[in-house]
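J.: The structure's right below; bear with me while I get my questions together.
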């Protein structure tokens, strides 16, 4: 069984989410979104390390309010950067040497099953790089700046990328080392690997593995979680439940 380090980036600005609380720290029921996401990984036998990367502006507050619980769950807290790829690059520096694979999973994707995690972990161990993705089933329209449809896009073999995205440690570290500091429009880690010449295998997923982006996604995620098997929590969660951002 490969030893896997999991990086959970939570340093985004949450501009589209709105409100006073950033989306990783928004409450779903009585627990923050990022906590529900961490619980997907902390009790797995194949996970040797879990890293939470937050904005430097949030670091002290997260450490103060959630530090005891993160410590109890053996989650390492690190500072991220201004852009997502910068956050991942900084988190890579904190990965333990024993990790054979590195999984990167959005802090705001709490609706993920253990089976899908196992599938993408196994695919990465076999192919070197793998990600979850759902097949595009909607009709796609390219819209011009004037608001009118320019054309209908062929959806055949189009997939929507999800996370986790998992890589052999040397592969993803090499890919990020080759990424220039001036890089722009980097939206996921598979793209970084592709730019470095690596092939990334796709593990079919489904749309229930949603990424919380706007306020209404919270209710949708809660509805999905209500029908999914609940991961076993390690230790007390009351300090998380009581903490206010």
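The values are calculated or read from the model by the stated rules, or taken from the named source; none is laboratory data. Please read all numbers here as calculations on a predicted model, not as lab measurements. Glycine also receives a Cβ, built like all others from the backbone with ideal geometry; neighbour counts cover every protein chain displayed.
J.: Is there any pair linking a residue in the range 170-194 that is more than 16 Å from residue 82 (Cβ to Cβ) to one that is assigned to a loop (DSSP other than H, G, I, E, B), with Cβ under 6 Å and at least six apart or on different chains, and which?
T.: 171/128; 171/198; 175/196; 178/196; 190/200; 192/179; 193/200
J.: Show the residue pairs meeting these rules: Cβ distance below 9 Å; 6+ apart or different chains; first residue within the range 110-129 and at positive phi; second residue at pLDDT 95 or above.
T.: 128/167; 128/168; 128/171; 128/193; 128/198; 128/199; 128/200; 128/201
J.: Now for a separate question. Which residue pairs have Cβ atoms closer than 6 Å, lie 6 or more positions apart in sequence or on different chains, and pair a first residue in the range 204-220 that is on the phi < 0 side of the Ramachandran plot and without any contact (Cβ under 8 Å) to a residue 24 or more places away in the chain with a second residue that is surrounded by 14 or more Cβ atoms within 10 Å (Cβ to Cβ) and assigned to a strand (DSSP E or B)?
T.: Correct list of pairs: empty, since none qualify.
J.: Go through the residues of the range 2-13 one by one and say whether even a single one is farther than 17 Å from residue 165 by Cα, out of contact with any strand residue (DSSP E or B) (no Cβ under 6 Å at 6 or more places or on another chain) and at pLDDT below 90.
T.: Filtering the range 2-13 for residues farther than 17 Å from residue 165 by Cα gives 11-13.
Subsequent filtering for residues that are out of contact with any strand residue (DSSP E or B) (no Cβ under 6 Å at 6 or more places or on another chain) retains 12-13.
Then keep just the ones that are at pLDDT below 90; that gives 12-13.
Yes; the residues of the range 2-13 include at least one that is farther than 17 Å from residue 165 by Cα, out of contact with any strand residue (DSSP E or B) (no Cβ under 6 Å at 6 or more places or on another chain) and at pLDDT below 90.
J.: Is it the case, given these coordinates, that residue 40 is part of a loop (DSSP other than H, G, I, E, B) and either free of Cβ contacts under 8 Å to residues at least 60 places away in the same chain or out of contact with any strand residue (DSSP E or B) (no Cβ under 7 Å at 6 or more places or on another chain) (or both)?
T.: On the way: part of a loop (DSSP other than H, G, I, E, B): yes; either free of Cβ contacts under 8 Å to residues at least 60 places away in the same chain or out of contact with any strand residue (DSSP E or B) (no Cβ under 7 Å at 6 or more places or on another chain) (or both): yes.
Yes.
J.: Ok, one more. Restricting attention to the range 133-187, which residues are in a loop (DSSP other than H, G, I, E, B) and surrounded by 12 or more Cβ atoms within 10 Å (Cβ to Cβ)? Please lay out each step first, then the result.
T.: Step one: filter the range 133-187 for residues in a loop (DSSP other than H, G, I, E, B), giving 136-139, 144-148, 154-158, 179-187.
If the condition is that a residue be in a loop (DSSP other than H, G, I, E, B) and surrounded by 12 or more Cβ atoms within 10 Å (Cβ to Cβ), then 136, 155, 158, 179, 183, 186 are the ones that fit.
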